[in-house]
Amino acid sequence: MDMETLTSRSSILRERIIRSTPKKPIKAATTWVKRQPPKAKVFLAVAAIVTTLVFLRLIVHDHDNLFIAAEAVHAIGISLLIYKLTQEKTCAGLSLKSQELTAIFLAVRLYCSFVMEYDIHTLLDLATLATTCWVIYMIRFKLNSSYMDDKDTFALYYTVIPCALLSLAIHPSTVHHTFNRICWAFCVYLEAVSVLPQLHLMQNTKIVEPFTAHYVFALGVARFLSCAHWVLQVLDTRGHLLTALGHGLWPSLVLLSELIQTFILADFCYYYIKSLLGGHLVLRLPSGVV
């Protein structure tokens, strides 16, 4: 019997063994989803989101708790960054530009909170801004040797300028001063795209180490909870919440910004969960993600 015949029979035997081996339910479901055409995957994703929203609506009676939960998850993500920077003494994989965008929109939102609607969220934003500034300081000065500046190439003006122009054109129609209303719109728009430099950096490297992956996944969960808060509030008030925010395009853009924040991170979160279920510590992103 020649070598080619042996190789062929060995391959056939291997395939039979693989087919006869029972798959774990999660792995089997993942494999089935991967085999579906793009339109079916989109439908499944939308169905999963709608199901999750219905579930949250049933178990969370006060939907403001979703916003608080979003802030808590964001805080957990920042705590992971602090651990990474202090214990591992490296900032590899972190985007300085994304942190700077975060600091900008938080600073603007703090200003708006002080002059327009001071509440408990102002204190939460203040704490988040303080820790974000500390992260920026560590990346710029203490751990600069490990900063991947050659990969962190996303230009900030691609986000800041369009958001500024959009806020000039479309902003709230409340009784507050025009400058304050423009600032309010600017921080809403900038928050929606502030994570783009971080995703761009990860796309350039293709490999994401654990703590950075955990941090970005925490951002994705926080954004989804915040988006769920707004969507459920609109449903419960039968759309009256949108009219309370003002008239024109502004109410719709507020909701759209929340949706954009969620969908920007949705692809990454999918590969993160897939990697986690597969038992991999390091996340490898395929081409085309983000």
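The values are calculated or read from the model by the stated rules, or taken from the named source; none is laboratory data. Predicted model only: the values in this text are computed from it and were never measured. Reconstructed Cβ throughout: ideal geometry from the backbone, glycine too, with neighbour counts over all protein chains shown. Side chains included, ligands, DNA and RNA excluded: accessible areas come from the protein's heavy atoms. Shrake-Rupley method; radii C 1.70, N 1.55, O 1.52, S 1.80 Å.
Screening the candidates 29, 72, 45 for the property of being part of a helix (DSSP H, G or I) and modelled with pLDDT of 70 or more yields one hit, 72. When residue 207 is tested against (1) at pLDDT 80 or above; (2) open to solvent by 20 Å² or more (accessible area, probe 1.4 Å), exactly one condition is not met: (1).
Listed here are the residues, each with its yes/no results for (1) basic (Lys, Arg); (2) within 20 Å of residue 228 (Cα to Cα).
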site: 65; (1), (2): no, yes
site: 76; (1), (2): no, yes
site: 82; (1), (2): no, no
site: 99; (1), (2): no, no
site: 103; (1), (2): no, no
site: 128; (1), (2): no, no
site: 139; (1), (2): no, no
site: 151; (1), (2): yes, no
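Mind checking whether some residue in segment 134-141 is open to solvent by 30 Å² or more (accessible area, probe 1.4 Å) and at positive phi? There is no residue in segment 134-141 that is open to solvent by 30 Å² or more (accessible area, probe 1.4 Å) and at positive phi. If you go through segment 77-95 and keep only what is open to solvent by 10 Å² or more (accessible area, probe 1.4 Å), within 25 Å of residue 154 (Cα to Cα) and touching a residue at least 60 places away in the same chain (Cβ under 8 Å), you end up with 78, 80, 92, 93.
Taking the criterion of being of a type in the set (Lys, Arg) and in contact (Cβ under 8 Å) with a residue 12 or more places away in the chain, the only residue of segment 148-183 that qualifies is 151.
If you go through segment 151-176 and keep only what is assigned to a helix (DSSP H, G or I) and open to solvent by less than 70 Å² (accessible area, probe 1.4 Å), you end up with 159, 160, 162, 163, 164, 166, 167. Counting only residues that are open to solvent by 50 Å² or more (accessible area, probe 1.4 Å), at pLDDT below 65 and on the phi > 0 side of the Ramachandran plot, segment 231-290 holds 3 of them. In segment 105-130, the residue that is most open to solvent (accessible area, probe 1.4 Å) out of those that are aliphatic (A, V, I, L, M), under 14 Å from residue 184 (Cβ atoms) and modelled with pLDDT of 90 or more is 107.
I need a count of the residues in segment 124-150 that are farther than 30 Å from residue 67 by Cβ and either touching a Cys at 6+ places or on another chain (Cβ under 7 Å) or in a helix (DSSP H, G or I) (or both). Give the steps one after another, and end with the answer.
Of all residues in segment 124-150, those farther than 30 Å from residue 67 by Cβ come to 140-150.
Right, trim to either touching a Cys at 6+ places or on another chain (Cβ under 7 Å) or in a helix (DSSP H, G or I) (or both) and you get 140-147.
So the answer is 8.
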